[in-house]
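First comes the structure, then the notes that go with it.
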Amino acid sequence: MRRITGVLRCAVAVATLSLVVGALPVHAASSVAIDARALVGGRYQIGGWMAVSVSLSNPGAATDGYLTARTAAGLARRYVELPAGARKAVTLYVEPDAFQREIEVTYTEPGGEAKAKVEIRVIEQSQGQVAIVGDAAGNLRPQLIASDGESRPDPIALAPADIPERPEPLDGLNAIVWAADSSTLTDGQRASLERWITDGGTIVVLGGPDWQTRTAAFTELLPLTNLGAVDGLALASLADLAGASRDGLGSATVSAGKLRDDAVAVTTADDGTILASLRGFGAGQVIFVGADLATPAFRGWESAPRIWNRLVPADSGLSQFFGAPVIPDQTRSAMTSALSTLPSLKLPPAEVLLAVIVGYILLIGPVSYVVLRRMDRREMAWVTAPILIVIFSATSFGIGRSIKGSDVIVNQVSMVRTSGTGAALAETYFGIFSPDRSTYAVSIDADALLTTLSTSPEFDPGLPRATDGSTVVDQGRPARLSDLAVGAFGFAGVEASALVEVIPALEVTWSVRDGEVIGVVTNTSTEPISDVAYISGAGGKRIGDLAAGASQEFTLPGSNFNGSSASDQVYGFGGFETATDEQRRISQRRQVIDALVGYGGWSGMDVIPGGGAGPYVIGWREAEGPLALTIEGAVTQAYTSTVEVVTVRPGLGRGEITIQPHQMSTSLISAEGDVSAFDPGSVLVGEGVATFAIALPLEAINLKPDRATIFVGMDASVMMPGNAGFGGGMWPPGYTLEVRNPVSGEWTLLGDLSGASVFDVEPAETIGPSGMIEVRVTGVGPDPNQGGQASVFVTAEVHGTLDR
């Protein structure tokens, strides 16, 4: 009997388990074939976007479904229809988590699911990251890998198809070297590259025999026009750019042309043919090298890496020493604060709060007690207390709703990034205030990337976090974000970005007067623009309001070494009060400046133009931007403002100019003995020799110098005014500095660093034809009193005349 009972129990358990398993959802494998790869070599900037290209092939009947990928930011998806026998390529944009290594994409259709995984990796931010497009033979990579111990991340190998059709995934790249066929690039890819260059990127396009296909997409950007081939041209003058011997370079077919008026010839052959040239584009640069450096001959040339040190200086370490570029999370944090400047987000008046609190205390305490005592029903307090709490809560809610209103309020701030050419990038931030606890769906009639902003308690303890990764974003046009949960009287932030066609309202030109760079900003629109200002990571300057058609001159702000931010310099210190409309306007605009260029640093210098921290010229209008937000099923009240952000790169000027130490580039070109190096700003010398190249910026390569000074310091702070000469005596006796004569090749002793660290030199005997100064520091080993290696950084200041 017991055995029969046991068997029955097992049968019941099996039957129950079968029912449970049968009730669970089962995802069958789809017949759709899926393949995915991450663009930009699978690299992404922390807090930034990544593009994933997905190929779908449908061998069966027509179907449709969603292509999805989930990260901590939420679910990103795109609706895809697949006719019978169709093949489609779809790009999905996602926000990876910090240091995420893998993303899974899924195509879900009625017949089942198809999945694929892609490996990803974060872009290193300690040094400038370079990408190489082309170079299948691997000739460029060894030239770009830093030598002699200087640290630089390995170049990222790309194909033209790895360039996304949006600029956001390119953030984090410092430079792109182009050695591939560019004629296959789509209009979207070309617009993406133009926008990336405008925001501070550098692209180096290589010519040679294949110049026609390599330059096809960049004709309007290149420094040269009317390109053509020149056969058998001697390349010896390229050695001048590297500060190396002309021996070892032969001749080759190069592409050459006519120099544009706004471009600079970097290197010319002995017959006058331009071998390398440069053109500023927004805050970035387009460099064209007529010779093909992606050849075995240049790979085997020992001085080739020094050419790349000139074309793409590895100065990102110096930039981080003086303040790293603004990162996406920092921008979003500042914009969240800017969006919170609404009357509806402020606490009710103090007298109202006091009255409510006092009324509650009186009601729940003395009043309730007296009433129940007169009724001789004091035991009913356990009933009346909860009732009074409910009445008080309802009254408080009613008071809050009457003060804050019943409409959903949207505070919209639009950044329209322009450069005078190409498409503009619109970045619009929306602060959504809800009077009720609700879940919203929002949409934008554009192919925009949508994401939520985290309303972190660090900036206002009264605001809850707006995002927990539960939102769903439908990509395409229109773009839609759903499942946005907001608490009663709560606040949520949404960010949208898209390439848009707009007519810029601000136009900036540069000139030189008495050796000083003068900017002129013009309002070319028919509407007034307010609070026009010049801002950068080093500081800012208010230019003023501009009526329609008006222009205003301005000079660049002086050195800022007091740690004040650009917003402080534009609006003055303070600005934390938000009681009035004017105070809220100023507070919001200050925070937008902080979002663009950061909170300021102690250096007061723009070590590297661009790189995500300006410089910019900005101007404000009280108008809706190009991206309008719709909240489905809600009555809204909107506050809108738009700031035009023009990326600029002030020229060095013409006539007599001085190239300051922070405008020079420094690279370590050789190391012997006990020398350790991580970047140009972190070189440690023991008993050894470190040889540095100090170079003029490429824009000043044609400078005719008349005086020069070399500075030596323990670190890059020697570039700051007042610090020069401070390093003397910081090294033990025996640490010496020498300079190389570019004509004779001989080294001349300048002095012992234990006694001096500032040296005036004769330009004709120290500065080579490519604007390069070579110096070497020789160490004697550990100091018996200090031990270890000594830190060394070198730079220079050069004065002269620049005609073009």
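No value in this document is a laboratory result; all are computed from the given coordinates. A quick note: this is a predicted structure, and the numbers were derived from the prediction, not measured. All Cβ positions, glycine included, derive from the backbone under ideal geometry; neighbour counts span all protein chains shown.
Here are the numbers for this structure:
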{"quantity": "Cut-off under 5 Å, modelled amide H: who pairs with Ser770 long-range", "calculated": "none"}
{"quantity": "Length released on extending from Ala86 to Glu124, taking residue separation times 0.36 nm less the Cα-Cα span", "calculated": "9.8 nm"}
{"quantity": "Point-to-point label distance, Asp64-Val367, nm (Cα→Cβ direction, 7 Å offset)", "calculated": "6.0"}
{"quantity": "Extension reserve of the Ser55-Asp545 stretch, reckoned as 0.36 nm per residue once the Cα distance is removed", "calculated": "171.3 nm"}
{"quantity": "Where labels lie 7 Å past Cα in the beta-carbon direction, separation of Asp247 and Asp97 in nm", "calculated": "5.9"}
{"quantity": "Contour minus Cα-Cα distance for Ala355 and Asp436 (0.36 nm per residue)", "calculated": "26.8 nm"}
{"quantity": "Cβ-derived FRET efficiency at R0 51 Å, Asp803 paired with Ser470, nearest 0.05", "calculated": "0.25"}
{"quantity": "Theoretical FRET efficiency, 1/(1+(r/R0)^6), r = Cβ-Cβ of Asn226 and Glu527, R0 35 Å, to 0.05", "calculated": "0.30"}
{"quantity": "The range 532-556 residues near the modelled Ser511 label - backbone nitrogen below 12 Å, point 7 Å along Cα→Cβ", "calculated": "552-554"}
{"quantity": "Where only alpha carbons of the range 497-594 are counted, the Rg and the Dmax (Å)", "calculated": "15.1, 46"}
{"quantity": "Thr630-Thr555 FRET efficiency (beta carbon distance; Förster radius 45 Å; 0.05 resolution)", "calculated": "0.55"}
{"quantity": "Ordering of 227-235, 331-339 by packing [mean C-beta count within 10 Å, highest first]", "calculated": "331-339, 227-235"}
{"quantity": "Estimated inter-spin distance, Ala137 and Arg374, nm [label 7 Å along Cα→Cβ]", "calculated": "10.4"}
{"quantity": "Loop-located trypsin sites (Lys or Arg not before Pro) in the range 39-142, at most 12 other Cβ atoms within 10 Å (DSSP)", "calculated": "Arg101"}
{"quantity": "Highest to lowest packing among 588-595, 181-188, scored as the average C-beta count within 10 Å", "calculated": "588-595, 181-188"}
